[in-house]
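Have a look at the structure below, then the notes.
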């Protein structure tokens, strides 16, 4: 099935080892040969590279694993199933502008019913360019963000996160819905049934001075033998900013179905 990788840190990092391990899960170490994408935040904007070809064979992805330095990363390797069409428009992450922010989103699982729901919704915020249920789900979430999360002056600043938990649980009840999403500041991770996190603080040098680097890694499957990788609870939504956990909620969802991929 498709797999996800995310990074949030309070310092710019080069996650060479983790990205290389993840790259090999795109058709070599795991059966996800149908495209890859890497989004990283740099100089205030998201850079995005994607190919509709196996990640483990990609010279570009290998170069990016060695060269990318960022405090915010989302990556994806794809196993095509809904639809089975393998092209760049169906390759994650997806990128949109909404509510004055730039968003990226990647998903694994299947929620095919969201396609008809979105097609009949008249969503004025986001129109998919590909055919995946994942992109339709992304547009569905952005429409809720535009309607509810940033439109209430003076509202409790945590209310948008609570609303996101509600809509994530509703979409998850349609099938399987694990995702990573970012607005350029936060890394949002939803583990319906298959996602892990690793939170760590490490010593480093910055301009010759010792610093403590706080970071959080998110991955569908643990990327090394570190025993501190922890499974999300079913329906768990986690919010990170600069490598630190800022919020956590458990959503109420139906048990995941046996559908996989996208």
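Nothing in this text is a laboratory measurement; each read-out follows from the coordinates by a stated rule. Since we're looking at a predicted model, the values are computed, not measured. Backbone-built Cβ (ideal geometry, glycine too); neighbour counts: all protein chains shown.
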Given points 7 Å out from each Cα along the Cα-Cβ axis, report the residue 95 to residue 212 separation in nanometres with one decimal.
3.5
With a 10 Å radius around each residue's Cβ, average the other Cβ atoms per peptide and rank 137-143, 201-207, highest first.
137-143, 201-207
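I need the per residue convex hull volume for region 3-250, using only the alpha carbons, in cubic angstrom as a whole number. Show your work: numbers first, answer last.
Numbers: hull volume 30.2 nm³, N = 248.
Taking only Cα atoms, region 3-250 has a hull volume of 122 Å³ per residue.
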Considering the chain as a Gaussian network with a 10 Å cut-off on Cα pairs, which listed residue, 43, 185, 51, attains the greatest mean-square fluctuation?
43
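Show me the ranking of peptides 119-128, 16-25, 240-249, 30-39 by mean Cβ neighbours inside 10 Å, starting with the highest. Don't skip to the answer; put the middle values down first.
Values: 119-128: 13.7, 16-25: 19.4, 240-249: 17.6, 30-39: 24.0.
Most protected by this proxy first, the peptides run 30-39, 16-25, 240-249, 119-128.
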Per-bin percent of Cα-Cα distances, region 48-113 [10 Å]
17, 47, 30, 6
Point-to-point label distance, residue 229-residue 42, nm (Cα→Cβ direction, 7 Å offset)
2.7
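Students often check this: by mean Cβ neighbours within 10 Å, which of 93-102, 66-75 ranks highest, and how do the rest follow? Don't jump to the answer; show the numbers that get you there.
Values: 93-102: 17.4, 66-75: 20.6.
Per-residue Cβ counts within 10 Å, averaged per peptide and sorted highest first, yield 66-75, 93-102.
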Using alpha carbon centers only, region 25-65 is separated from region 102-138 by a whole-angstrom value of 21
Net lengthening on full extension, residue 166/residue 14 (0.36 nm per residue, minus Cα-Cα)
51.3 nm
Once every DSSP H run of n ≥ 4 in the chain is given -39500 (n - 2.57) and the sum is divided by its residues, what mean residue ellipticity at 222 nm do you get, rounded to the nearest 500 deg cm²/dmol?
-6000 deg cm²/dmol
According to a simple spin-label model (label point 7 Å from Cα along Cα-to-Cβ), what is the distance in nm between residue 200 and residue 63?
2.8
Stretched out fully, how many nm does the piece from residue 88 to residue 159 gain, at 0.36 nm a residue minus the Cα gap?
22.1 nm
Subtracting the Cα-Cα distance of residue 113 and residue 248 from 0.36 nm times their residue separation yields 45.9 nm
